[in-house]
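Working notes, structure below.
The values are calculated or read from the model by the stated rules, or taken from the named source; none is laboratory data. Here the structure is a predicted model, which means the values were calculated and not measured. Positions of Cβ are generated from backbone atoms using ideal geometry, with glycine treated the same way; all protein chains shown enter the neighbour counts. Please note that ligands, DNA and RNA were not included when accessible areas were found on the heavy atoms of the full protein model with its side chains. Shrake-Rupley method; radii C 1.70, N 1.55, O 1.52, S 1.80 Å.
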Amino acid sequence: MSSQREHFSSRLGFILAAAGSAVGIGNLVGFPVNAAKNGGGAFLIIYAIFVVVICLPVMAAELAMGRNTKKGPVGAFGTLSNQHPLWRLAGLIGVITPFMIAVFYTVISVWIIGYLLMAATGQLEYLAADGTFGEFINSPYIFTALVIVAVIIYGILKMGVQKGIEQASKILMPALFVMLIALVTFVLTLDGAMAGVKFYIIPDLSKITATVVNGALSQAFFSLSLGMGILITYGSYLTKDTDIVGSAKFIALADTGVAFIAGLLILPAIFTFNPDVNPAELSESSVSLIFVLLPKIFLALQSSIGFVGASTVATLFFTLVFFAAITSLVSIIEVPVAYLIDEKKHTRGKALVTMAVFAGILTIFSALSFGMVSFFSEFANYGGSTKSFFDVVYDIFYDTVLPLNGLLVCVFVSYRWKKHSLNQELSIGNEKFEGSLMQKYINFSLGTFIPVVLLAIFLNTVAQKFFQTTLF
Ligand code: PHE
């Protein structure tokens with residue numbers, strides 16, 4: 001079976017697919033707001049340092065595990081540990097995590113396509129009205145939108161790695177980039193835009209606290225799709241002539257570049273709309289920014305570019321976010337799909353149907369979490385408040401588990417699979433790797449401070465989320 005394993009057709013195809021996974025809602029909205037609130041340029045520098053110093057080695061390790069074994073997380077941890085049950089468990093967490101993230105990410109993608117369709121059909125005024133978001137997410141339309149998203153994802157994944165994932169990324173990613181640049185160029189010409197840029201870029205060291213540093217690392221980690229089993233799975237589709245470390249650098253650069261450029265869109269837009277805004281007061285949540293604040297900003301543009309112009313900008317923006325969401329969603333659903341194909345010997349079609357049923361049910365539970373059904377809206381109680389089913393999935397799988405998964409990868413690669421095997425794998429496709437400074441750095445960091453930092457972040461997040469206290 002493994003000799004016929006599908007693979008990416010080219011290095012560029014792989015890089016675009018991995019960048020498609022990495023570039024998501026987190027980059028386009030989460031990152032800019034986080035940066036602006038938490039020290040502007042100072043945050044940007046800390047974030048960039050984390051990407052290089054911590055995330056790059058973990059990314060290389062995940063890709064290497066996947067390519068070496070031609071398996072997803074369960075198969076990779078299993079094969080490289082002689083099927084040790086504890087390491088297989090680590091692999092299993094690496095499949096459950098993306099499955100659960102897919103559940104809530106699908107819900108957000110469903111809202112995005114809803115907003116996209118409404119903006120495109122001239123309903124911008126409705127989108128900008130108070131109360132619309134709450135109304136929309138509790139309306140039956142979301143089920144129609146869910147079907148549309150499911151059909152798109154099914155269509156892409158059914159076509160497989162080359163014709164589906166890779167081909168979709170080759171179209172969506174360049175389109176995303178062009179739309180992003182077009183929107184930034186437009187927004188920067190608006191009055192007051194420069195105030196936003198200043199807020200985004202000028203460093204404010206007084207804002208840098210332990211919590212901000214923690215937040216920057218978590219943001220970088222999930223922005224690069226680490227700890228989700230995605231890069232292990234995508235690594236398993238890599239051919240032996242691909243330079244893993246070189247590709248990882250490109251992926252990190254593309255992801256960070258898009259996040260940075262998105263800041264040049266979001267902050268100027270906010271400042272043009274309200275020149276007196278204090279970014280510190282902006283909501284933490286990307287969701288309220290995308291669905292509540294931005295529609296108001298788009299509508300306000302009608303005074304300068306007319307209603308059609310404003311609707312066009314809004315439609316372009318939601319298309320941009322939708323493309324980013326789709327390529328991320330495809331990558332995350334591919335992890336459990338690959339698991340079913342590799343470990344449970346499903347055909348791709350059957351694996352997709354299984355996923356559609358299980359993820360579909362949980363997605364509907366999440367979609368019902370916003371007031372439609374009180375069992376799901378008031379699902380649990382911890383950290384001092386009542387949490388919906390959606391919140392629970394989000395808190396556990398998006399916010400807490402990723403650093404733990406990353407930690408397991410580092411420890412596994414350094415002490416079980418062993419560094420020389422990692423080095424051997426990373427040298428394939430890059431003869432200069434062995435003996436290089438990069439090799440020494442990757443070996444040293446993965447075996448020492450990276451797992452320590454990830455453990456600290458994991459424990460701190462658990463303390464914050466579930467026990468209302470903070471360790472640092
Ligand atoms: N990097 C993605 C983002 O920034 C994270 C992600 C990847 C989320 C894949 C879901 C699926 O949004």
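In a fully extended conformation the segment linking GLN424 and SER385 would gain 9.1 nm over its present Cα-Cα distance, using 0.36 nm per residue.
For the chain, the longest principal axis of the C-alpha atoms and the axis of helix 302-343 are separated by about 20°.
For the pair GLU135 and ASN82 in one chain, pulling the backbone fully straight at 0.36 nm per residue adds 13.8 nm over the alpha carbon distance. Cross-link reach is defined here as a Cα-Cα straight distance under 22 Å, omitting same-chain residues fewer than 8 places apart; for LYS249 the lysines meeting it are LYS70, LYS170, LYS240, LYS419, LYS432, LYS440. Subtracting the Cα-Cα distance of LEU89 and THR347 from 0.36 nm times their residue separation leaves 90.5 nm of extension gain. Once the C-beta distance of ILE396 and SER303 is scaled by a Förster radius of 56 Å, the resulting FRET efficiency is 0.80 to the nearest 0.05. Amide H to amide H, with H built 1.01 Å from N, TYR382 comes under 5 Å of LYS387, counting only residues 5 or more places away or on other chains. Compute the helix-to-body angle for 210-223: its Cα long axis versus the longest principal axis of the chain, expressed 0 to 90° and rounded to tens. Helix 210-223 and the main axis of the chain meet at about 70 degrees.
Distance between the pseudo-spin-label points of TYR415 and LEU459 (7 Å out from Cα toward the beta carbon): 1.5 nm. Within the same chain, lysines fewer than 8 places from LYS207 are excluded, and of the rest, those with a Cα less than 23 Å from its Cα are LYS37, LYS198, LYS465.
Relative to the longest principal axis of the Cα atoms of the chain, helix 449-467 runs at roughly 50 degrees. Packing around the peptides 432-441, 163-172, 5-14, 72-81, taken as the average count of other Cβ atoms within 10 Å per residue, puts them in this order, highest first: 72-81, 163-172, 5-14, 432-441. Considering only SER445, TYR415, LEU289, and ranking their Cα positions along the charge dipole of the chain that arises from unit charges at the beta-carbon of Lys, Arg, Asp and Glu, the one farthest toward the positive end is TYR415.
Would you mind telling me the share, in percent, of accessible area of the chain contributed by carbon and sulfur at probe 1.4 angstrom? So the carbon and sulfur contribution to the accessible surface is 69 percent. What does the C-alpha gyration tensor say about the overall shape of the range 13-96? Classify as rounded when a/c is under 1.5, otherwise prolate if a/b is larger than b/c, or oblate. It comes out prolate by the Cα gyration axes. For the range 151-204 versus the range 54-69, the inter-centroid distance based on Cα atoms is 25 Å. What you get for the range 102-218, charging only the Cβ of Lys and Arg (+1) and of Asp and Glu (-1), is a dipole of about 480 debye around the Cα centre. If R0 is taken as 45 Å, the Cβ-Cβ distance between GLU434 and THR469 corresponds to a FRET efficiency of 0.45. Ranking GLY75, SER223, LEU63 by Cα position along the charge dipole of the chain, where only Lys, Arg, Asp and Glu carry charges on their C-beta atoms, puts GLY75 farthest toward the positive end.
Solvent-accessible area per residue in the chain equals 38 Å², computed with a 1.4 angstrom probe and all protein chains kept. How many nm separate the modelled label positions at THR189 and PHE375, each set 7 Å beyond the Cα in the direction of the Cβ? Reported label-point gap for THR189 and PHE375 is 5.5 nm. When peptides 98-111, 455-468 are ranked by their average number of other Cβ atoms within 10 Å per residue, the highest-first order is 98-111, 455-468. Only Lys, Arg, Asp and Glu carry charge here, each on its Cβ (+1 for the first two, -1 for the last two); on that basis the chain has a dipole of about 1420 debye about its Cα centre. Here the sum of -39500 (n - 2.57) over DSSP H runs of 4 or more residues, divided by the residues of the chain, equals -22500 deg cm²/dmol at 222 nm, to the nearest 500.
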